[in-house]
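Contents: one structure, followed by commentary.
The values are calculated or read from the model by the stated rules, or taken from the named source; none is laboratory data. This structure is a prediction, so every number in the text was calculated from the model and none was measured. Quick reminder, even Gly has a Cβ in these numbers, built from the backbone with ideal geometry, and neighbours come from all protein chains shown. Accessible surface areas use protein heavy atoms only, side chains included; no ligands, DNA or RNA. Shrake-Rupley method; radii C 1.70, N 1.55, O 1.52, S 1.80 Å.
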Amino acid sequence: MTKKEQILEASEELFAEFGYDRTSVRMIAQKANINIAMISYYFGSKELLFTELVEYRALTFRLKLQDIQKEIEDPLKQIEMMIDGYVDKVFVNHRFHKILHRQISLQNSSELNLQIQSILMKNINEVKNIIETGIKKKVFRNVDVEFLIITFFGTVSQFANSSGLSLSLLNIDQSKHLSQIPEMKTRMKTYLIELFESYLLIKNEK
């Protein structure tokens, strides 16, 4: 791991635990076991560090989505691969997704939030393209693409937050996170794939 990656990993852990505002550059330096000046050298500021952390995590999934579209012809298979990859990603990095949800839920138009939205929209547009291409190919029916995307990311965000309400509904110990229960990953993938299939596929008239 490079020094830069070391700082990103340390900052992610602290942002998840304390939130963006309560995490200081000094705390990050101590956690990463580096001189505080190195944060300024690599990132310039805490805000730019946070922005790069979002890009650092978002880029992997964006590249996967682009590869799926290049390598797989069947739109439904693209959807299945997209769901499989994203659920795996959030299952491993639920801490990061909790940070994101906490920050963007503030609903302000700060420069930081606008930058985060810009990064995330690149990924969202890749998902949108997969669905719209399936519609153009007449594999999928003409659906409300934007609300389907909101449903998808909203469902997985609820998982990442692992709220008490979700845990109660699923009859899970409140002290646990959903990521600690492996069968939940399979259950979520199955649910989302079935949801997309039932909503997207053109039904043959009897």
Checklist entry - Is there any pair with a first residue in the stretch 2-23 that is in contact (Cβ under 8 Å) with a residue 12 or more places away in the chain and under 11 Å from Ile39 (Cα atoms) and a second that is open to solvent by 70 Å² or more (accessible area, probe 1.4 Å) and in a helix (DSSP H, G or I) whose Cβ atoms are under 7 Å apart and which are 6 or more apart or on different chains, and what are they? => result Lys4/Tyr42; Ile7/Tyr42; Leu8/Tyr56
Checklist entry - How many residues are in a helix (DSSP H, G or I) and in contact (Cβ under 8 Å) with a residue 12 or more places away in the chain when one looks only at the stretch 30-39? => result 4
Checklist outcome for this item: Picking from Lys137, Lys176, Lys128, the residue that is open to solvent by 50 Å² or more (accessible area, probe 1.4 Å) and in contact (Cβ under 8 Å) with a residue 60 or more places away in the chain would be Lys137
Item to check | Hits in the stretch 47-87 - residues which are free of Cβ contacts under 8 Å to residues at least 24 places away in the same chain and assigned to a helix (DSSP H, G or I) | outcome: Leu48, Leu59, Leu63, Lys64, Asp67, Lys70, Glu71, Lys77, Met81
Checklist entry - Residues of the stretch 149-166 being among the aliphatic types (A, V, I, L, M) and crowded, with 17+ Cβ neighbours inside 10 Å, which ones? => result Val156, Ala160
Checklist entry - Tally time: how many residues in the stretch 11-29 are outside any loop (DSSP other than H, G, I, E, B), over 18 Å from Leu106 (Cβ atoms) and open to solvent by 20 Å² or more (accessible area, probe 1.4 Å)? => result 4
Checklist outcome for this item: Note on the stretch 151-181: residues more than 12 Å from the chain's Cα centre (by Cα), among the β-branched types (Val, Ile, Thr) and outside any loop (DSSP other than H, G, I, E, B) are Thr151
Next on the checklist: All but one of (1) in a helix (DSSP H, G or I); (2) at pLDDT 90 or above; (3) open to solvent by less than 30 Å² (accessible area, probe 1.4 Å) hold for Asn113; state the number of the condition that does not hold.
Outcome noted: (2)
Checklist entry - With Leu8, Leu65 as the choices, which residue is open to solvent by less than 10 Å² (accessible area, probe 1.4 Å) and touching an Asp or Glu at 6+ places or on another chain (Cβ under 6 Å)? => result Leu65
